[in-house]
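Reading through the structure tokens given below for one structure.
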Amino acid sequence: MNKTEMKTAILDAKQTKGLTWDAIAKAVGLSKEFTCSACLGMNSLNQTQAEACAESLGLGPDVAAALQAFPHKTWDQTVPTDPLIYRFYEIVGVYGETIKALIHEEFGDGIMSAIDYSMDIQRQPDPKGDRVVVTLNGKFLPYKSW
């Protein structure tokens, strides 16, 4: 089973069982954000985590094996057309240089890791309409001279 077939099987089982990403993540023992990413094929799980994930969804060892396979982090579109995902591209397009300038001013010349990284997505109630709070937390990696 490849990652695309795995993703389809997981999404079908999730819908059939009426599970949330949070419930699946609790069974796996990881955050909902990382668990969702692995289930969508963009990260991998270790054997124990993969088996717990597959079991929580009522899926077999073929899904558990696919969850353990290292992903090819690729996507079909250069700029996505899904409005929610596109907004993140828009944010980086409008604020990317600002983010870079502020990180460099605070930390120096380097990057934020997407490997030593975590993400948290929360709902913040607001009388004018609930807010989406996305926290991206990556280790600073300075560029080296040699």
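The values are calculated or read from the model by the stated rules, or taken from the named source; none is laboratory data. Everything quoted here is computed from the prediction, not taken from an experiment. Glycine gets a Cβ as well: all are built from the backbone with ideal geometry, and neighbour counts include every protein chain shown.
Quick look at the values:
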| read-out | value |
| --- | --- |
| Residues satisfying the stated conditions in the range 130-145, i.e. of a type outside the set (Phe, Trp, Tyr) and part of a strand (DSSP E or B) | Arg131, Val132, Val133, Val134, Thr135, Leu136, Asn137, Gly138, Lys139, Leu141, Pro142 |
| Criterion violated by Thr81 - all others in (1) modelled with pLDDT of 95 or more; (2) within 28 Å of Arg123 (Cβ to Cβ); (3) of a type in the set (Ser, Thr, Tyr) satisfied | (1) |
| Filter result for Gly60 (surrounded by 12 or more Cβ atoms within 10 Å (Cβ to Cβ), closer than 28 Å to Ile10 by Cα and at pLDDT 95 or above) | yes |
| Residue tally, condition aliphatic (A, V, I, L, M) and assigned to a loop (DSSP other than H, G, I, E, B), over the range 33-76 | 5 |
| Whichever residue in the range 77-125 is of a type in the set (D, E, K, R) and assigned to a loop (DSSP other than H, G, I, E, B) and, among such residues, is surrounded by the most Cβ atoms within 10 Å (Cβ to Cβ) | Asp109 |
| Subset tally (residues that are under 25 Å from Thr35 (Cβ atoms) and either modelled with pLDDT of 95 or more or over 16 Å from the mean Cα position of the chain (by Cα) (or both)) for the range 91-116 | 5 |
| Residues being buried (at least 19 other Cβ atoms within 10 Å of the Cβ) and either touching a Pro at 6+ places or on another chain (Cβ under 9 Å) or assigned to a helix (DSSP H, G or I) (or both) - total across the range 22-32 | 3 |
| Which listed residue is modelled with pLDDT of 95 or more, part of a helix (DSSP H, G or I) and either closer than 20 Å to Leu136 by Cβ or touching a Leu at 6+ places or on another chain (Cβ under 6 Å) (or both), from Lys14, Lys7 | Lys7 |
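For (1) in contact with a helix residue (DSSP H, G or I) (Cβ under 8 Å, 6 or more places away or on another chain); (2) farther than 11 Å from Lys3 by Cβ, each residue gets a yes or a no:
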{"position": "Met42", "(1), (2)": "no, no"}
{"position": "Asn46", "(1), (2)": "yes, yes"}
{"position": "Ala50", "(1), (2)": "yes, yes"}
{"position": "Leu57", "(1), (2)": "yes, yes"}
{"position": "Ala64", "(1), (2)": "yes, yes"}
{"position": "Leu67", "(1), (2)": "yes, no"}
{"position": "Pro71", "(1), (2)": "yes, no"}
{"position": "Thr78", "(1), (2)": "no, yes"}
{"position": "Pro83", "(1), (2)": "no, yes"}
